[in-house]
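Structure, as structure tokens:
The values are calculated or read from the model by the stated rules, or taken from the named source; none is laboratory data. Nothing here was measured: the structure is a model prediction, and the numbers come from that model. All Cβ positions, glycine included, derive from the backbone under ideal geometry; neighbour counts span all protein chains shown.
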Amino acid sequence: MSMPTPRQRHVPIRTCVGCRQERPKRELVRVVRTPTGEITIDLTGKAAGRGAYLCRAADCWTAALKRDALARALRTTLTPEDREALLRARDAVLAAGAPGGGGR
Ligand SMILES: [Zn+2]
């Protein structure tokens, strides 16, 4: 990577439902409840439905599921299947590469 980081101008900020920290939207992963009630990861950020944002950090996903913060943010109830799917999605997202990585 030799390209310098582009200057940020008017970056949309969202709050992670796991750690409650505000971060640039593009650093977060959007989880969306579709109009049909499916819980899915929205990698495009454009899917219709109610969205919630999570850091690319396993802890945030775990916390959001444990405290039911994600369900609340999505105004739904997560089934065991939803939770499993989310944990799989989390692993996929994290495996795809977390910017920076390490630390906490
Ligand atoms: Zn977080």
Count of residues meeting criterion [of a type in the set (S, T, N, Q) and in a strand (DSSP E or B)] in the stretch 20-46
1
Checking the condition of a type in the set (Gly, Ala, Ser) and more than 16 Å from the ligand (Cβ to nearest atom), which residue from ALA89, ALA96, ALA64 passes?
ALA96
Selection from the stretch 1-28 of residues modelled with pLDDT of 95 or more, hydrophobic (A, V, I, L, M, F, W, C) and over 11 Å from CYS60 (Cα atoms) yields ILE13
Only listed residue being away from the ligand (no atom under 12 Å from the Cβ) and either charged (D, E, K, R) or surrounded by 20 or more Cβ atoms within 10 Å (Cβ to Cβ) (or both), chosen from ARG14, ARG56, ARG72, ARG23:
ARG72
Single residue of the stretch 27-42 satisfying the filter (farther than 19 Å from PRO80 by Cα and surrounded by 13 or more Cβ atoms within 10 Å (Cβ to Cβ)) that is farthest from the ligand (Cβ to nearest atom):
ASP42
Tell me which of these GLU81 doesn't satisfy, since it passes every other one: (1) part of a helix (DSSP H, G or I); (2) of a type in the set (D, E, K, R); (3) within 13 Å of the ligand (Cβ to nearest atom).
(3)
Residue that is surrounded by fewer than 16 Cβ atoms within 10 Å (Cβ to Cβ), under 14 Å from the mean Cα position of the chain (by Cα), away from the ligand (no atom under 16 Å from the Cβ) and among the charged types (D, E, K, R), where the choices are ARG9, ARG50:
ARG50
